[in-house]
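Enquirer: Mind looking over this structure? Questions follow.
None of the figures in this text is laboratory data; all of them are computed from the coordinates on show. Owing to the predicted nature of the structure, the values given are computational and were not obtained by experimental measurement. Note that we place each Cβ from the backbone using ideal geometry, even for glycine, and neighbour counts take in every protein chain shown.
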Amino acid sequence: MTYCVGLLLDAGMVLLSDTRTNAGLDNIAIYRKSFVFERPGERVIAIMTAGSLSVTQTTIARLEEAMTDIEPDPTTSILHASTMLQVAQIIGRALSEISADVAERMDRAAQNVTASMIVAGQRKGGGMRMFLIYPEGNFIEATADTPFLQIGEHKYGKPILDRVVRPETSLADATKAVLLSMDSTLRSNLSVGMPLDLTVIPRDELAVGLARRIEPDDGNFQEMSRAWSQALRDAFAGIQV
C-alpha cells in the first residue's frame with residue numbers, strides 16, 4: 001500500500017509520498033511513487049501514484065513516451081497540453097485504459113488491480129490546479145474548501161490536515177503538516193514506509209522549489225516525530241474530563 005498527500009495553497013503546492021510497496025508479508029520493496037515533469041518557466045507537473053505497481057509504472061511509461069515523440073501531440077503529451085485540465089484528462093485516459101487492460105488479464109487469475117493518482121501543477125498563464133484521478137479516469141479537484149487530496153492509506157493522516165490546513169497556510173507550515181500527517185500514518189500502518197519524497201512548488205515560479213528524499217535516519221524528521229508525540233502526550237495530560 002502507500003500514502004500520498006498533496007496540498008494546494010495560496011503560496012504554492014506541497015506534495016509528499018512514501019515509497020513502500022507490499023507484495024506479501026515477506027515481500028517488501030522500495031519504489032518511487034512521486035514523479036516531476038517540468039519545463040522551467042513554462043510549466044511544472046507533479047504526479048504521485050498509489051495502487052497496483054504494474055498499472056502505475058505502465059501509465060508513467062506511456063506518459064513519458066508521449067513526451068519524447070518526435071512530433072509531440074498536445075492530446076497525449078502532458079508537456080504540450082494547453083491547460084492543466086487537459087493534463088488531467090490525458091493522465092486519466094491513460095490510467096483508465098491501462099487499468100482496464102491489466103484488470104482483464106488479471107481476472108483470469110481471480111485478482112483485482114486498481115490504481116489512483118494525484119496530479120498537481122501549473123503552466124504559464126494559468127493557475128495552480130490539483131486533481132485526484134480515479135482508476136476509471138474520472139477525477140475530482142482540490143478547492144479552497146478542501147485544499148488537500150490524499151490517496152492510499154489516508155485515514156491516519158487526515159485529522160491533522162482537517163484541523164490545520166487552510167488556503168492561507170504558509171509553505172513552511174504546510175510542509176510541517178504533511179510530514180506530521182505522514183508520521184501519524186507510519187506509526188499506525190506497516191504497509192506505509194520510508195524513505196519519503198517531498199516536493200514543494202511555489203506559486204507562479206513554474207519550477208520545483210524543493211525536492212527532497214527523506215531517509216529513515218533523517219535527524220530532522222526523527223526530531224519532529226518525537227516532538228509531535230510529546231506534544232500530543234502533554235495535550236492529553238492537560239485535558240480535564
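Enquirer: On a straight-distance basis, which lysines could pair with residue 158 in a cross-link, Cα separation under 21 angstrom, same-chain partners fewer than 8 positions away excluded?
Expert: 33, 176
Enquirer: Can I ask one more? Rounded to the nearest 500 deg cm²/dmol, what is the calculated helix-only ellipticity per residue at 222 nm for the chain, with -39500 (n - 2.57) per DSSP H run of length n ≥ 4?
Expert: Working: 5 runs with 84 residues, N = 241.
Rounded to the nearest 500, the figure is -11500 deg cm²/dmol.
Enquirer: Could you tell me the calculated FRET efficiency between residue 10 and residue 64, based on Cβ-Cβ distance and R0 = 30 angstrom, to the nearest 0.05?
Expert: The calculated FRET efficiency here is 0.45.
Enquirer: Work through the residues other than residue 33 whose Cβ is under 13 Å from its Cβ and net out their charges, Lys, Arg +1 and Asp, Glu -1.
Expert: Values: positive: 20, 32, 213; negative: 18, 153, 197.
My count for the surroundings of residue 33 gives 0.
Enquirer: In addition: Exposed loop sites here are trypsin sites (Lys or Arg not before Pro) in DSSP loop states with at most 16 other C-beta atoms within 10 Å. What is the longest stretch of the chain lacking them?
Expert: 33-107
Enquirer: How would you order 136-146, 77-87 from highest to lowest mean count of nearby Cβ atoms within 10 Å?
Expert: Peptide ranking by packing, descending: 77-87, 136-146.
Enquirer: Here's another thing I want to ask about it. Work out the length of the dipole vector of region 3-234 about its Cα centre, built from +1 on the beta-carbon of each Lys and Arg and -1 on the beta-carbon of each Asp and Glu, and round it to the nearest 20 debye.
Expert: Values: 23 positive and 30 negative charges, 75 e Å.
So the magnitude is around 360 debye.
Enquirer: Helix 219-238 against the longest principal axis of the chain: what's the angle in degrees, Cα atoms only, rounded to the nearest 10?
Expert: 50
Enquirer: Additional query: P(r) for region 120-164, please, calculated from all Cα pair distances in 10 Å bins and given in %.
Expert: 22, 47, 27, 4
Enquirer: Extending each Cα 7 Å along its Cβ direction at residue 220 and residue 1, get the distance between those two points in nm, one decimal.
Expert: 2.9
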